[in-house]
Amino acid sequence: MLVSDFDYYLPEELIAQQPVEPRDHSRLLVLDRKTGTITHNAFYNLPQLLQPGDTLVFNDTRVIPARLLGIKPETGGKVEVFLLNRTTKDDWEVLVKPGKRARPGTVIEFGENLRCEVLSTTDFGGRVVRFTYQGIFEEILDVLGETPLPPYIKAQLSDKERYQTVYARERGSAAAPTAGLHFTRELMENIENMGVNLAYITLHVGLGTFRPVVAENINEHVMHREYYSVPPATAEIVNKTLAAGNRVIAVGTTAVRTLESAGSSGCLEAKSGWTEIFIYPGYEFKIVKALITNFHLPKSTLLMLISALAGREFIFDAYREAVDKRYRFFSFGDAMFIR
């Protein structure tokens, strides 16, 4: 399949610039794969679409202030360093702008207590850097770093916590798992009280999730690796759900990629590691039976993933419907439930 097969028209004014308040008052487009129907709802009505025995799987990653602005002390040149993956205690895979002059050995300073040295280049055009500092790295990062928002969001965010899910715990993401932004604690309590299981995995969102597809043929695209973890309690809940014939519902594409990476045998394993899984039409799902997700960018790997679950034609029918009905798109936009 070609990348152009996953393009669509989106008026710029439909790109959401601010999140809805309250969180669960976004719109919800419901795709029923059995009947082939598309219906419209509100996110706060999600419990009506769930059944006792279902399991919702959330990605509990927390966005870090991943954008650092520094200078090269020998020239005074300004440099932006964007944190992607932590590989050791002090070593990170990063993107550097401008990158051409960030050769191995280059030193970048961000303040009196933080600097890094470029160790090597990566196969995705990034760098591996080693940080040196005095104090606790996370605390320094909270002071010096900026929370990155996607480039299509032009408006300033008054409350940085609105780019975090209410259940975010594990620091490490360069971007939020945005399908989870619609959930409130009250909504989650209501869902749990009706007999639906809530389970958690971690995938630290990095370049793999939002890296554009540059190859013309999609099966030539290589995903950048991202770190994930599946705790034993989640593996137990998910496997019991599947054994009982009930639905495992992923909240977001990052949860899908984690579940399918750790469940390639059809049984979810409690494990941690790095995933480069690329899901596109033709893929056979082993764990995930349904998905809550946002609306994704044209030609993106995320659009390809949901097309693998629901079928490309059905997805594009739904996207045309969403555009016609003036749904809000992307990170702060409305949601879709594929069941």
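The values are calculated or read from the model by the stated rules, or taken from the named source; none is laboratory data. Just so you know, these numbers come straight off a predicted model, no measurement behind them. Backbone-built Cβ (ideal geometry, glycine too); neighbour counts: all protein chains shown. Quick note on the areas: whole protein, heavy atoms, side chains included, nothing else; ligands and nucleic acids left out. Shrake-Rupley method; radii C 1.70, N 1.55, O 1.52, S 1.80 Å.
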**OP:** Could you please let me know if Gly252 is at positive phi, touching a helix residue (DSSP H, G or I) at 6+ places or on another chain (Cβ under 6 Å) and at pLDDT 95 or above?
**Re:** yes
**OP:** Give the range 281-307 a look and list any residue that's touching a Phe, Trp or Tyr at 6+ places or on another chain (Cβ under 9 Å) and not in a loop (DSSP other than H, G, I, E, B), or say none.
**Re:** Ala290, Leu291, Ile292, Thr293, Asn294, Thr301, Leu302, Leu303, Met304, Leu305, Ser307
**OP:** For the range 68-89, name all the residues that are touching a residue at least 24 places away in the same chain (Cβ under 8 Å), over 16 Å from Tyr133 (Cα atoms) and open to solvent by 70 Å² or more (accessible area, probe 1.4 Å).
**Re:** Glu74
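Per-residue answers, yes or no, for (1) within 13 Å of Pro19 (Cα to Cα); (2) at pLDDT 95 or above:
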| residue | (1), (2) |
| --- | --- |
| Gln156 | yes, no |
| Ala174 | no, no |
| Glu189 | no, yes |
| Leu198 | no, yes |
**OP:** State all residues of the range 232-261 that are within 19 Å of the chain's Cα centre (by Cα) and free of Cβ contacts under 8 Å to residues at least 60 places away in the same chain; if no residue qualifies, say none.
**Re:** Val256, Arg257, Glu260, Ser261
**OP:** For the range 269-276, indicate whether the set of residues that are over 24 Å from Ala174 (Cβ atoms) and either open to solvent by less than 10 Å² (accessible area, probe 1.4 Å) or not β-branched (Val, Ile, Thr) (or both) is non-empty.
**Re:** yes
**OP:** Please work out which one of (1) open to solvent by 10 Å² or more (accessible area, probe 1.4 Å); (2) closer than 28 Å to Arg162 by Cα; (3) outside any helix (DSSP H, G or I) is the condition Glu321 fails and give its number.
**Re:** (3)
Subject >> First in the range 149-174 and within 19 Å of Tyr200 (Cβ to Cβ), second anywhere and open to solvent by 70 Å² or more (accessible area, probe 1.4 Å), Cβ under 6 Å, 6 or more apart >> reply: Val166/Arg185
**OP:** Give the residues of the range 200-239 that are modelled with pLDDT of 95 or more, small (Gly, Ala, Ser) and surrounded by fewer than 16 Cβ atoms within 10 Å (Cβ to Cβ), sorted by residue number.
**Re:** Ala233
Original post:
On the given criteria, is Val256 under 19 Å from Arg62 (Cα atoms), assigned to a helix (DSSP H, G or I) and aliphatic (A, V, I, L, M)?
Top reply: yes
Subject >> Residue among Val118, Val30 that alone is open to solvent by less than 30 Å² (accessible area, probe 1.4 Å), part of a strand (DSSP E or B), without any contact (Cβ under 8 Å) to a residue 24 or more places away in the chain and touching a strand residue (DSSP E or B) at 6+ places or on another chain (Cβ under 8 Å) >> reply: Val118
Subject >> Check on Tyr167, under 25 Å from Tyr228 (Cβ atoms), of a type in the set (Phe, Trp, Tyr) and surrounded by 21 or more Cβ atoms within 10 Å (Cβ to Cβ) >> reply: no
Original post:
Quick one: what pairs do we get from the range 326-339, first residue among the polar types (S, T, N, Q), second modelled with pLDDT of 95 or more, C-beta under 6 Å, 6+ apart or different chains?
Top reply: Ser331/Thr178
Subject >> Selection within the range 90-115 - among the basic types (Lys, Arg) and surrounded by 15 or more Cβ atoms within 10 Å (Cβ to Cβ) >> reply: Arg115
